[in-house]
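Colleague: Let me begin by handing over the structure; questions about it come next.
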Amino acid sequence: MQIEPAMQPQPPAESDRTTRIATVPNLLCALRFLGAIILPFLAIAGHASAFLWLFLLLAMSDWIDGKLAILLRQKSVLGARLDSWADAALYTALLFGSLWLRGDLLWEEWPWILAAGGSYAIATVVGLRKFGRWPSYHTRAAKTCWLLITVSAVWALYDSTAWPLQLTMIAVVATNLESMLITRVSDSWNTNVPSLYHAMQRRRQT
């Protein structure tokens, strides 16, 4: 009887990262950043509906650009950075606009918002101090938080219930703590780290 040879390990697939700057995902990130600049002016002008719809459109682009980066094989380190910068600008604009339009509700919840914003700032500083770069992990928890923030923002603009916002801020703090731990256990700067578990697995393999 002939014995089949053991299956040999396959060579790693060629990296699908690109060094191109002018890619579709990068363009979407740039448009999201520019849209985030427009949002505060809509809030100041009192256009609550336009503010909300533009925010939802920009938030949807955040989901689309990641899918296109994979589909078109246009993932890049620059793209990950642009995505993080655009997200920071978008949700800063959301905070400003929400305070302007629904300050009566959000000012009462300032400890929750401060905890979320403060933890994000600390996580960013921790990443900058260790690697000299903005953390761009795009964890699963972070993606979930973006969805929760979107839902709670819509809720805050059209309802007076505070618990969705409080729940979201708790999730944001937990996500930022995970980001700090990923920075702590990582030996080098990386993008697109799904979770702390994956960061620890990556460290064991190096």
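The values are calculated or read from the model by the stated rules, or taken from the named source; none is laboratory data. Note that the structure is a prediction, hence the values are computed from the model and not measured. With ideal geometry, Cβ positions are generated from the backbone for all residues, glycine too; neighbour counts draw on all protein chains shown. Remember, those area values only see protein heavy atoms, side chains included, never the ligands or the DNA or RNA. Shrake-Rupley method; radii C 1.70, N 1.55, O 1.52, S 1.80 Å.
Colleague: Which condition from (1) open to solvent by less than 40 Å² (accessible area, probe 1.4 Å); (2) under 20 Å from GLY66 (Cβ atoms); (3) of a type outside the set (A, V, I, L, M, F, W, C) is the one that LYS143 breaks?
Modeller: The single condition LYS143 does not satisfy is (1).
Colleague: Same structure again: What's the total number of residues in the range 93-111 that are touching a helix residue (DSSP H, G or I) at 6+ places or on another chain (Cβ under 8 Å) and open to solvent by 90 Å² or more (accessible area, probe 1.4 Å)?
Modeller: Within the range 93-111, residues that are touching a helix residue (DSSP H, G or I) at 6+ places or on another chain (Cβ under 8 Å) and open to solvent by 90 Å² or more (accessible area, probe 1.4 Å) number 2.
Colleague: Checking the condition closer than 24 Å to TYR158 by Cβ and of a type in the set (Val, Ile, Thr), which residue from ILE64, ILE44 passes?
Modeller: ILE44
Let's see how each residue does on (1) assigned to a helix (DSSP H, G or I); (2) not hydrophobic (A, V, I, L, M, F, W, C):
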site	(1), (2)
HIS138	no, yes
THR144	yes, yes
ILE170	yes, no
THR183	yes, yes
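Colleague: Take LYS130 and decide whether it is assigned to a helix (DSSP H, G or I), among the basic types (Lys, Arg) and within 17 Å of LEU167 (Cα to Cα).
Modeller: No.
Colleague: So, one more: Does ASN192 count as of a type in the set (S, T, N, Q), closer than 18 Å to ALA86 by Cα and in contact with a strand residue (DSSP E or B) (Cβ under 8 Å, 6 or more places away or on another chain)?
Modeller: Judged against the criteria, ASN192 is a match.
Colleague: Restricted to the range 66-91, and to residues that are open to solvent by less than 40 Å² (accessible area, probe 1.4 Å) and over 17 Å from VAL193 (Cα atoms), which residue is modelled with the lowest pLDDT?
Modeller: Of everything passing the filter in the range 66-91, GLN74 is modelled with the lowest pLDDT.
Colleague: Can you find even one residue in the range 181-190 that is charged (D, E, K, R) and open to solvent by less than 50 Å² (accessible area, probe 1.4 Å)?
Modeller: no
Colleague: Let me ask something else. Give the range 156-185 a look and list any residue that's modelled with pLDDT of 95 or more and of a type in the set (Gly, Ala, Ser), or say none.
Modeller: Selection gives ALA171, ALA174, SER179.
Colleague: For the range 165-182, does any single residue satisfy the condition of being over 16 Å from ARG81 (Cα atoms), among the charged types (D, E, K, R) and within 18 Å of the chain's Cα centre (by Cα)? Talk me through it step by step, then tell me what you get.
Modeller: Start the filter on the range 165-182 by keeping residues that are over 16 Å from ARG81 (Cα atoms), which leaves 165-178, 180-182.
Filter again for among the charged types (D, E, K, R), leaving 178.
This time we only want the ones that are within 18 Å of the chain's Cα centre (by Cα), so: 178.
Among the residues of the range 165-182, at least one is over 16 Å from ARG81 (Cα atoms), among the charged types (D, E, K, R) and within 18 Å of the chain's Cα centre (by Cα), which makes the answer yes.
Colleague: If you scan the range 151-180, which residues turn out to be open to solvent by 60 Å² or more (accessible area, probe 1.4 Å) and either aromatic (Phe, Trp, Tyr) or more than 24 Å from MET60 (Cα to Cα) (or both)?
Modeller: TRP155, TYR158, SER160, TRP163, LEU177 - these are the residues of the range 151-180 that are open to solvent by 60 Å² or more (accessible area, probe 1.4 Å) and either aromatic (Phe, Trp, Tyr) or more than 24 Å from MET60 (Cα to Cα) (or both).
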